[in-house]
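Encoded as structure tokens, the structure appears first; notes follow it.
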Amino acid sequence: MDAELHQYLFTGCHTHILMGGQSITGISGLLKKQLPVRQFAALKASKKEQKDPKKENLKPKSERKTDLNRHKPYGLTAWEPIDDVYRIQYYPKTLHDIETAIDLLKKFQQLDFTYPKQPVYIDLRLDMKLEKKKKVDPFVNIVQLPYAFTTTINTVMVFTENPEEAAVAQKHGADSVGGTELIQKILDDEIQADFYVSVPDMVSKLVPLKNKLRKKFPKSKRGSVGHNIPEMIQVFKTGHEYMVERDCYILSKIGTLDMPREHITANVATIIKDVCTQRPLSFGPFVERAIICSATSESLLFKVEPFLPQIMEDNEEENQNVNN
């Protein structure tokens, strides 16, 4: 009987302590005093974890990847593989000359037994920054490649209300010619074309087509607005169009794999040269990275520096003499 009573009293006291009873004031008071100390310690620890970037003498990440003085690149196994068979994710990507890259694409096609006339693409990443917070607006342009790789001819529609200009346009191969009467037909998808050109007097009357045509709407910057109708028709019928996508990338077809290496190289040089005209040379290289690939092959990095325009030293010397 005494043992059962002792057990009952011990259990009740234990429960009373866990429930925060008022009889044992020493323990509850001690817990209340310790709570602020724990909060202060946690805040103090978080301050220690914060690092001052000014006091750290570390190299930027961009320099880490290109620091050739290291025995191996950051996060990789070595600068170059020793064996001829290796896992590519453990080594830096090889930067090829454009001629070497094209030869490799042709070799990949032979080894994989893929279509020999498959298209070849280039992927360019652009530095769109200008002074302060300004950037180059995404653009669309058309260029005449030195070596054509397609037999299809683009369709061109000419906007003009002058009967003489309309006759000239039809004579030089325009697919459609007309004035404001074509607007509703285009909105209803009754007629369409690959490119639209216009004389300057008609541009203000074509405003209802802006949302419909979007980037194909005639603009003077693209060369689709002017008085020289035969030249515009020739350019847009045989020209090659490229555009900036995803803010700073250009993916464009530049040939087929069965073309000679020299022809593909010339087409690459033409596109890069035209792209670099969209930003002043004083801001530095416009093209940051260049990749070439075919429809079924892996992507290969190639050196873009030989294709970038250079500021002539003679012009720099003249400018210095003028300043002096």
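The values are calculated or read from the model by the stated rules, or taken from the named source; none is laboratory data. All values reported here derive from a predicted model rather than from experimental measurement. Positions of Cβ are generated from backbone atoms using ideal geometry, with glycine treated the same way; all protein chains shown enter the neighbour counts. Protein only, heavy atoms only, side chains kept; ligands, DNA and RNA dropped before computing areas. Shrake-Rupley method; radii C 1.70, N 1.55, O 1.52, S 1.80 Å.
Couplings 3J(HN,Hα) for segment 164-178, derived from phi with the Karplus relation 6.51 cos²θ - 1.76 cosθ + 1.60 (θ = phi - 60°), are 5, 5, 5, 5, 5, 4, 5, 5, 9, x, 5, 7, 9, 9, x Hz, where x marks Gly and Pro. Counting lysine pairs in segment 193-312 whose alpha carbons fall under 20 angstrom apart, excluding pairs fewer than 8 residues apart on the same chain, gives 18.
Over all other residues within a Cβ to Cβ distance under 12 Å of ASP175, the charged ones net out to 0, with Lys and Arg as +1 and Asp and Glu as -1. Which shape class, rounded, prolate or oblate, goes with segment 59-217 when its Cα gyration tensor gives a ≥ b ≥ c as root eigenvalues, a/c under 1.5 marks rounded, and past that a/b bigger than b/c marks prolate? Prolate is the answer for segment 59-217, as a/c is 1.5 or above and a/b outweighs b/c.
Length gained on full extension, LYS93 to THR296: 71.2 nm, using 0.36 nm per residue less the C-alpha separation.
Using a probe of 1.4 angstrom and keeping all protein chains present, the accessible surface of segment 96-175 works out to 63 square angstrom per residue.
Ranking THR155, THR265 from most to least accessible surface, computed with a 1.4 Å probe over the protein chains only, gives THR155, THR265.
When nucleic acids and ligands are ignored and a 1.4 Å probe is applied, GLU164 ends up with an accessible area of around 140 Å². Across segment 247-280, the residues whose backbone nitrogen lies under 14 Å from the label position 7 Å along the beta-carbon direction of PHE139 are 248-250, 271-280. Considering all alpha-carbon pairs of segment 99-176, what whole percent are spaced by more than 23 angstrom? More than 23 Å apart: 59 percent of the Cα pairs in segment 99-176. A convex hull fitted around the alpha carbon atoms of segment 165-221 yields 91 Å³ per residue. Taking segment 192-253, how much of its Cα-Cα pair set, in percent, is spaced more than 19 angstrom apart? Summing the P(r) of segment 192-253 above 19 Å gives 36 percent of all pairs. Taking the three principal axes of the alpha carbon atoms in segment 137-199, the coordinate ranges are 36, 29, 24 Å, sorted in descending order. The candidates HIS227, HIS172, HIS263, HIS96, arranged from most to least accessible area with a 1.4 Å probe in the full protein assembly, appear as HIS227, HIS172, HIS263, HIS96.
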